[in-house]
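Undergrad: This is the structure, below, for whatever I ask next.
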């Protein structure tokens, strides 16, 4: 099996196309494993992994934990809400205390942009970024691309529109990097107040008309509005947002073609997407969840192979 060109998974922007190929081939293998009656492999029996979540997370944290346990790693879960961080301890002190327990890999979600990069320069462990502020969420982008590849055969040449709150989304940025790295075309669609000013510099087109965006695309990756990250009002009301940018079955039926619907979750049903769309045959939302475990197993396994014993 080939190796990754990076020592940590800090963001998609640090990866090469070959890295994505290696991760996906490894994920193919682990997807077979998690569909067997016995879903565990002893690959990482001597590896200890710490999950450090300084921001709330349910799905990502569960997915990582399951991936680690499927690989037979020893797992430590650390939630900053109940930790010494609240008492004023620094990030490096917190992590060094955990590393003193002989931890090999740290999976970290943090509210500050660049927290993973900062950590990778100061501690002797492999770092996996599980989301840093509004910056990147690399494993989400990898599992999204993997799910598109599984559904459509390839990502190359496909047209993907990311719909919704692009401004506050680390999923959007990581997806843009990952999709472009694999040769896809990317557009974003949402209220102009939720589109970052310099998005065009990433080679991404902006479409403010949802119907036109859906007519153009092969895949729509729908994001929720992240109210918890907003300190201003970016649109008049949720009802108005839904009227302009919410996807329902009527809209899809009138396209005259089939498109694939994705969502990184959690879904605000009836806001950015209706239940009949989320639960339809065109939706691969539950496939994304299953693929998330296989992709995270692949990333953890490949980084663990670099650890010198």
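Undergrad: If you average 1/r across every pair of different Cα atoms in the stretch 138-285 and take the reciprocal, what Kirkwood value do you get, in Å?
TA: Answer for the stretch 138-285: a Kirkwood hydrodynamic radius of 15.2 Å.
Undergrad: Moving on. Only bridges whose two residues both fall in the stretch 138-285 count here: according to DSSP, what percent of them are antiparallel, nearest 5?
TA: The antiparallel fraction comes to roughly 0 percent.
Undergrad: Decide, for the stretch 266-306, between rounded, prolate and oblate: order the square roots of the alpha carbon gyration tensor eigenvalues as a ≥ b ≥ c, take rounded if a/c falls under 1.5, and otherwise choose prolate if a/b is larger than b/c, else oblate.
TA: Prolate is the answer for the stretch 266-306, as a/c is 1.5 or above and a/b outweighs b/c.
Undergrad: Going by alpha carbons, how many degrees (0 to 90, nearest 10) lie between the helix axis of 170-181 and the longest principal axis of the chain?
TA: The helix 170-181 is inclined about 90 degrees to the chain.
Undergrad: To continue, here is another question. Regarding the chain, what are the three Cα extents along the principal axes, ordered largest first, in Å?
TA: Computed over the Cα atoms, the extents are 58, 44, 35 Å.
Undergrad: What are the extents of the Cα atoms of the stretch 74-199 along their three principal axes, in Å, largest first?
TA: Cα spread of the stretch 74-199 along its principal axes, largest to smallest: 47, 34, 24 Å.
Undergrad: Follow-up. Rounded to the nearest 0.05, what FRET efficiency is calculated for residue 255 and residue 57 with R0 set to 45 Å and r the Cβ-Cβ distance?
TA: 0.85
Undergrad: Something else about it: Where both residues lie in the chain, what percent of DSSP beta bridges are antiparallel, nearest 5?
TA: Approximately 5 percent, going by the DSSP bridge assignments.
Undergrad: Scale the Cα Rg of the stretch 146-217 by the rule-of-thumb value 2.2 N^0.38 Å and send over the ratio, two decimals.
TA: Against the empirical 2.2 N^0.38 Å value, I get 1.05 for the stretch 146-217.
Undergrad: Can you give the extra length, in nm with one decimal, that the chain gains between residue 32 and residue 197 once fully stretched, where that is 0.36 nm per residue apart less the Cα-Cα distance?
TA: This chain segment gains 55.2 nm when fully extended.
Undergrad: Counting alpha carbon pairs within less than 8 Å and at least 6 residues apart, what relative contact order, in whole percent, applies to the chain?
TA: 20
Undergrad: Taking the Cα atoms only, what angle lies between the long axis of helix 17-34 and the longest principal axis of the chain, rounded to 10 degrees?
TA: The angle comes out at about 80 degrees.
Undergrad: So how tilted is helix 285-304 from the main axis of the chain? Cα-based, degrees 0 to 90, rounded to 10.
TA: 30
Bear in mind that the values in this text are calculations on the coordinates, not laboratory data. Computed from a prediction, not measured in an experiment: that's the story for all the values here. Virtual Cβ from ideal backbone geometry, glycine too; neighbours counted across all protein chains shown.
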